[in-house]
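Take this structure, written in structure tokens, and hold onto it; I'll ask about it next.
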Amino acid sequence: MNGLSKGMRKVEVALRWDPSPAGQPPADLDLVAGTYTADDPYGVPAYVVHFDSRSPDGTIYLNRDSKDGKGFGFDEVMTLELERLDVRYARVVVGVAIQQPTEDRTFAHVAHPGLRIREGYTDLAAEDFGGVPGATAATVAEFVRDEAGAWEFRAGVHGFDGDPATFTRVMGAARRP
């Protein structure tokens, strides 16, 4: 690894949305992260981190979890300590899933959703989900380890239509152009 380019080290993914209007059920968005091994980088995740969980080694964890968007600023925050992640992991995919308690909710039904991805004080990406209004979930970031072992960030929001459990199983699959 080159001393001048160590790649991504510690990344924060922050999600916000406004509470639902009076009389509407609360919107509940969740940050999720899936890790993928070098021998199966587009298959089934080795493990998934989401609400009420953290990675087995403590390198990926949820700092803040909201069920209704009633916080100030960002409602959910996840930290990824990529520099501490075991070398057997070659890829981490981060997504946002909308909980579906009674009806199909899409990003168009959520008041002012927003996302920020940063390393330290440097913003890597910001998103309002305007490109995937009909999706019930979306991948929002991909971190890939290069041959030298450094992590690189690949931005891009890709929508998904389905339930959160299915999303966590397929969120890391190779996308077709």
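The values are calculated or read from the model by the stated rules, or taken from the named source; none is laboratory data. All values derive from a computational prediction rather than experimental measurement. All Cβ positions, glycine included, derive from the backbone under ideal geometry; neighbour counts span all protein chains shown. The area values use the complete protein model at the heavy-atom level, side chains included, leaving out ligands, DNA and RNA. Shrake-Rupley method; radii C 1.70, N 1.55, O 1.52, S 1.80 Å.
Among the residues of region 111-125, which ones are open to solvent by 50 Å² or more (accessible area, probe 1.4 Å) and more than 17 Å from the chain's Cα centre (by Cα)?
Listed by number, the residues that qualify are HIS112, GLY120, TYR121, THR122.
What pairs can you find where one residue is in region 128-141 and farther than 16 Å from VAL94 by Cβ and open to solvent by 10 Å² or more (accessible area, probe 1.4 Å), the other is β-branched (Val, Ile, Thr) and part of a loop (DSSP other than H, G, I, E, B), and their Cβ atoms are less than 8 Å apart, with a gap of 6+ or different chains?
Taking only residues 6 or more apart or on different chains, the pairs are PRO133/THR106; GLY134/THR106.
Filter region 133-161 down to residues that are of a type outside the set (Gly, Ala, Ser) and over 15 Å from the mean Cα position of the chain (by Cα) and give me whichever is nearest to GLN99 (Cα to Cα).
In this case the residue turns out to be ASP161.
Residue by residue, here is whether (1) buried (at least 21 other Cβ atoms within 10 Å of the Cβ); (2) assigned to a loop (DSSP other than H, G, I, E, B) holds:
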position	(1), (2)
TYR42	no, yes
ARG105	no, yes
ALA108	no, no
PHE143	yes, no
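Still on this structure, please answer the following. When only residues in region 22-59 that are aliphatic (A, V, I, L, M) and at pLDDT below 90 count, which is nearest to GLU147 (Cα to Cα)?
Across region 22-59, the extreme among qualifying residues is ALA27.
Select, from VAL44, VAL48, the only residue that is touching a helix residue (DSSP H, G or I) at 6+ places or on another chain (Cβ under 6 Å) and either under 22 Å from THR166 (Cα atoms) or of a type in the set (D, E, K, R) (or both).
The conditions single out VAL48.
Please state which of the following conditions TYR61 fails to meet, knowing it meets all the rest: (1) surrounded by 21 or more Cβ atoms within 10 Å (Cβ to Cβ); (2) under 14 Å from the mean Cα position of the chain (by Cα); (3) among the hydroxyl-bearing types (Ser, Thr, Tyr).
All conditions are met except number (1).
Can you confirm whether region 87-94 contains a residue that is touching a residue at least 60 places away in the same chain (Cβ under 8 Å) and over 22 Å from ALA125 (Cα atoms)?
For region 87-94, residues touching a residue at least 60 places away in the same chain (Cβ under 8 Å) and over 22 Å from ALA125 (Cα atoms): present.
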